[in-house]
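Let me begin by presenting the structure, written as structure tokens, before commenting on it.
None of the figures in this text is laboratory data; all of them are computed from the coordinates on show. Bear in mind that the values here come from a model prediction, so they are computed numbers and not experimental data. Neighbour counts are summed over all protein chains in view; Cβ atoms, including those assigned to glycine, are modelled from backbone coordinates with ideal geometry.
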């Protein structure tokens, strides 16, 4: 059941989370709903979105499942229209969908490059800019762009991904300036997390990490930072980059 939270009260807020059916997105979906938000769960697999939406409805909150390829502007525009048509507004947007396949830079094909940059920057730009304009014209709102520690550190083998995420960092700064004061835009930068992707890691990487805490994070350790940025508790925070990486680099 949902319950009021004195620090992170999201009662009756409408939140859209891309990549919300698993991993860090799923953790944010649950955390927001537990604190009173109605949630739009968007990802490529509609059945996975529906499953998460059922969980949210069982908490007593509204949930909408939307199939979305987060790099395609027509699908992004359709999602925005659907939410505004059915629920009237978006209060919180989390641009979380992304991917970072590893490949030596000299072997990256044009197709792979375009795919990685489109999903990690082109799509989030469209989503954030269109929602920010509507928020600015309405009652305001909050946008969280999820990047990566790879955007801040040398990242051999994932250069297109790291570069696209670095562009997302700059995008947050610029959109915060363009659509403030009604819209706050911040960046959430995770380090190594034990989500589904970690199943492919070597055993040592699942137990230790090259950071100050010496370990990767549990998926639920993203929650407090996400709630801070999504809630009124961060009312004077915009254009910021919040690192949740255990102290990397």
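One table, with the values for the structure above:
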{"quantity": "Percent RCO, i.e. relative contact order, over the stretch 118-227, from Cα pairs under 8 Å lying at least 6 residues apart", "calculated": "26"}
{"quantity": "Model label zone, residue 81; criterion: amide N under 19 Å from point 7 Å along Cα-to-beta-carbon; scope the stretch 21-45", "calculated": "42-43"}
{"quantity": "Using a Förster distance of 30 Å, the FRET efficiency for residue 110-residue 199 (Cβ separation, nearest 0.05)", "calculated": "0.55"}
{"quantity": "Where only C-alpha atoms are counted, convex hull volume of the stretch 50-131 per residue in Å³", "calculated": "110"}
{"quantity": "Relative contact order (%) - the chain, alpha-carbon pairs under 8 angstrom, separation at least six", "calculated": "19"}
{"quantity": "GNM top mover of 85, 43, 233 - the chain, alpha-carbon springs below 10 Å", "calculated": "85"}
{"quantity": "For q = 0.08, 0.12 Å⁻¹, Debye-computed log10 I/I(0) when each Cα of the chain counts as one equal scatterer", "calculated": "-0.28, -0.65"}
{"quantity": "C-alpha long axis of helix 159-179 to longest principal axis of the chain, angle in °", "calculated": "30"}
{"quantity": "Counting DSSP beta bridges with both ends in the chain, the antiparallel % (nearest 5)", "calculated": "5"}
{"quantity": "Linear extension gain, residue 177 paired with residue 137, 0.36 nm per residue minus alpha-carbon span", "calculated": "12.9 nm"}
{"quantity": "Compactness relative to 2.2 N^0.38 Å, alpha carbon Rg of the stretch 92-200", "calculated": "1.13"}
{"quantity": "Length-normalised contact order of the stretch 73-170 in % [C-alpha pairs under 8 Å, at least 6 apart]", "calculated": "39"}
